[in-house]
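Novice: What follows is a single structure, and I will ask about it in a moment.
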Amino acid sequence: MSTPRRALLAGAAALAAAPARAQEWSPNRPIRFVVPFAAGGATDVVARVLAERMGERLGQPVVVENRAGSGGNIGVENVVRSPADGTTLLMGTTGTLTINQHLYASMGFDPVGDLAPVGMAFATDHVLVVGPAVEARTAGEFVAWLRANPGRASFGSAGSGSSTHMVAELFRLAAGVEVTHVPYRGSAPALNDTVAGNVAFMLDQLPSAIGMVQGGRVRALATTGPARSLPEVPTMREIGLPAAEATSWGAILLPAGAPAPVVARLSAVLREALADPAIGQRLKAAGADAVASTPEELRAKMAQEVATWGRVVREARITVN
């Protein structure tokens with residue numbers, strides 16, 4: 001586990017004894033848990049694991065609702081426009097919370113001002129996968145082919161501005177290759193087209209790709225974290241592309257204006273779920289790390305990454321299609 005992840009977990013552990021007022025609020029109807037991407041992607045996988053446990057603790061079903069489109073903006077805006085009473089949650093991501101504002105001239109909402117942080121939920125590495133039609137067997141062979149064939153290969157992503165787009169752009173810059181971006185409405189359809197050979201590769205989040213990797217439908221050539229996520233697959237640093245290292249994350253938020261007791265109760269329930277070893281194992285099996293935080297720590301992380309990804313967008317001259 002990386003140092004930033006340890007720091008967030010340590011901060012959350014300091015609040016293990018939730019204030020009494022956190023128990024004053026309980027939902028009186030089912031809770032919508034909006035995932036701003038299609039079903040089957042990493043964000044969706046983690047949301048469904050957490051929804052089950054949080055529903056048990058809150059005494060109401062937590063129902064995952066997929067609202068994909070516009071790089072996740074459609075789902076986020078749906079949450080922003082919902083009542084701030086604790087019955088609508090958002091599984092926000094690196095892209096929707098810190099990247100999109102640098103890519104879209106007008107989103108109709110401000111992810112910092114229009115959302116109330118509840119807490120971090122997970123972090124995950126990305127994996128460079130290629131379909132069966134790609135002849136390269138190693139990352140080195142694949143990068144060499146891309147360099148020798150500029151413009152011939154395309155890559156899929158979960159949408160313009162999504163983490164799967166941005167991490168692939170980092171790979172493109174680090175490898176010095178010319179490839180074409182093909183955005184989809186979620187990771188699952190992009191991954192399916194990678195298998196079919198309609199796009200050559202993808203830098204998917206590990207939770208959504210791991211099933212197809214283990215099933216042999218795609219080949220994993222490299223991962224983007226500081227250490228190996230898959231024992232037999234090298235990291236970007238190991239293949240000579242340290243500038244392509246990246247980690248994505250997800251967090252739970254509410255519409256701005258949610259009452260303090262609502263935020264406190266949901267934050268406590270979320271931290272409790274993430275501290276459960278059984279939940280941690282389920283996320284680990286899916287390729288994600290459980291990462292908890294306080295609302296304040298999440299707000300600080302968002303501010304930091306807004307600045308970081310803004311620089312990346314400017315330097316790479318990334319635009320939405």
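Novice: Please work out if Arg172 is touching a strand residue (DSSP E or B) at 6+ places or on another chain (Cβ under 7 Å) and more than 19 Å from Pro36 (Cβ to Cβ). Break it down into steps so the answer makes sense when it comes.
Specialist: On the way: touching a strand residue (DSSP E or B) at 6+ places or on another chain (Cβ under 7 Å): no; more than 19 Å from Pro36 (Cβ to Cβ): yes.
So Arg172 fails the test.
Novice: Here is a follow-up. Quick one: is Ile252 assigned to a helix (DSSP H, G or I) and within 19 Å of the chain's Cα centre (by Cα)? Steps first, answer last, please.
Specialist: Numbers: assigned to a helix (DSSP H, G or I): no; within 19 Å of the chain's Cα centre (by Cα): yes.
Judged against the criteria, Ile252 is not a match.
Novice: Residue pairs, Cβ under 7 Å, 6 or more apart or interchain, first in region 124-141 and surrounded by fewer than 19 Cβ atoms within 10 Å (Cβ to Cβ), second assigned to a loop (DSSP other than H, G, I, E, B). List them.
Specialist: Ala133/Gly197; Gly140/Ile239
Novice: Which of the numbered conditions does His181 fail, given that it passes all the others? Conditions: (1) crowded, with 16+ Cβ neighbours inside 10 Å; (2) in contact with a Gly (Cβ under 6 Å, 6 or more places away or on another chain); (3) closer than 23 Å to Gly310 by Cα; (4) not small (Gly, Ala, Ser).
Specialist: Here His181 meets the rest and fails (2).
Novice: Related question: Could you please give the count of residues in region 263-321 that are of a type outside the set (Asp, Glu), farther than 22 Å from Val46 by Cα and either assigned to a helix (DSSP H, G or I) or free of Cβ contacts under 8 Å to residues at least 60 places away in the same chain (or both)? If you could, list the steps in order and put the result at the bottom.
Specialist: Keep residues of region 263-321 that are of a type outside the set (Asp, Glu), which gives 263-271, 273-275, 277-288, 290-295, 298-304, 306-314, 316-321.
Still in the running and farther than 22 Å from Val46 by Cα: 300, 303-304, 306-314, 316-321.
Subset that is either assigned to a helix (DSSP H, G or I) or free of Cβ contacts under 8 Å to residues at least 60 places away in the same chain (or both): 300, 303-304, 306-314, 316-317.
Qualifying residue count for the region: 14.
Novice: Tell me the residue from Pro261, Pro226 that is more than 21 Å from the chain's Cα centre (by Cα) and not aliphatic (A, V, I, L, M), please.
Specialist: Answer to the selection: Pro261.
Novice: Quick test for you: out of Leu89, Leu146, pick the one residue that is at pLDDT 95 or above and under 17 Å from the mean Cα position of the chain (by Cα).
Specialist: Numbers: Leu146 fails: under 17 Å from the mean Cα position of the chain (by Cα).
Criteria check complete, one pass: Leu89.
Novice: Follow-up question, since we're still on this one. With Pro207, Pro255 as the choices, which residue is outside the structural domain of Phe33 (by TED's automatic domain parsing) and either surrounded by fewer than 20 Cβ atoms within 10 Å (Cβ to Cβ) or more than 22 Å from Phe142 (Cβ to Cβ) (or both)?
Specialist: Details: Pro255 fails: outside the structural domain of Phe33 (by TED's automatic domain parsing).
Result of the check over Pro207, Pro255: Pro207.
Novice: I'd like to check something: does region 55-71 contain any residue that is closer than 24 Å to Ile279 by Cβ and either among the hydroxyl-bearing types (Ser, Thr, Tyr) or in contact with a Leu (Cβ under 7 Å, 6 or more places away or on another chain) (or both)? Outline the logic, then answer.
Specialist: Here is the first cut: in region 55-71, the residues closer than 24 Å to Ile279 by Cβ are 55-66.
Restricting the remaining residues to those that are either among the hydroxyl-bearing types (Ser, Thr, Tyr) or in contact with a Leu (Cβ under 7 Å, 6 or more places away or on another chain) (or both) gives none.
For region 55-71, residues closer than 24 Å to Ile279 by Cβ and either among the hydroxyl-bearing types (Ser, Thr, Tyr) or in contact with a Leu (Cβ under 7 Å, 6 or more places away or on another chain) (or both): absent.
Novice: Scan region 149-172 for residues that are among the aliphatic types (A, V, I, L, M) and within 21 Å of the chain's Cα centre (by Cα) and jot them down. Working first, answer last.
Specialist: Start the filter on region 149-172 by keeping residues that are among the aliphatic types (A, V, I, L, M), which leaves 153, 158, 166-168, 170.
Within region 149-172, Ala158, Met166, Val167, Ala168, Leu170 qualify.
Novice: Scan region 294-321 residue by residue and report those that are within 19 Å of Gln205 (Cβ to Cβ) and of a type in the set (Ser, Thr, Tyr).
Specialist: Thr308
Novice: Do you know which residues across region 235-251 are surrounded by fewer than 24 Cβ atoms within 10 Å (Cβ to Cβ), touching a Pro at 6+ places or on another chain (Cβ under 9 Å) and either charged (D, E, K, R) or at pLDDT 95 or above (or both)?
Specialist: Matches in region 235-251: Thr235, Arg237, Glu245.
Novice: In this structure, is Arg217 farther than 19 Å from Met166 by Cβ, crowded, with 22+ Cβ neighbours inside 10 Å, among the charged types (D, E, K, R) and touching a Gly at 6+ places or on another chain (Cβ under 9 Å)?
Specialist: Spelling it out, it is not the case that Arg217 is farther than 19 Å from Met166 by Cβ, crowded, with 22+ Cβ neighbours inside 10 Å, among the charged types (D, E, K, R) and touching a Gly at 6+ places or on another chain (Cβ under 9 Å).
Novice: Turning to a different aspect of this structure: Would you mind telling me which numbered condition in (1) under 21 Å from the mean Cα position of the chain (by Cα); (2) among the small types (Gly, Ala, Ser); (3) at pLDDT below 90 Ala51 fails?
Specialist: (3)
The values are calculated or read from the model by the stated rules, or taken from the named source; none is laboratory data. Predicted, not measured: the structure shown is a model, and the values here were computed from it. Cβ atoms come from the backbone with ideal geometry, glycine included; neighbour counts cover every protein chain shown.
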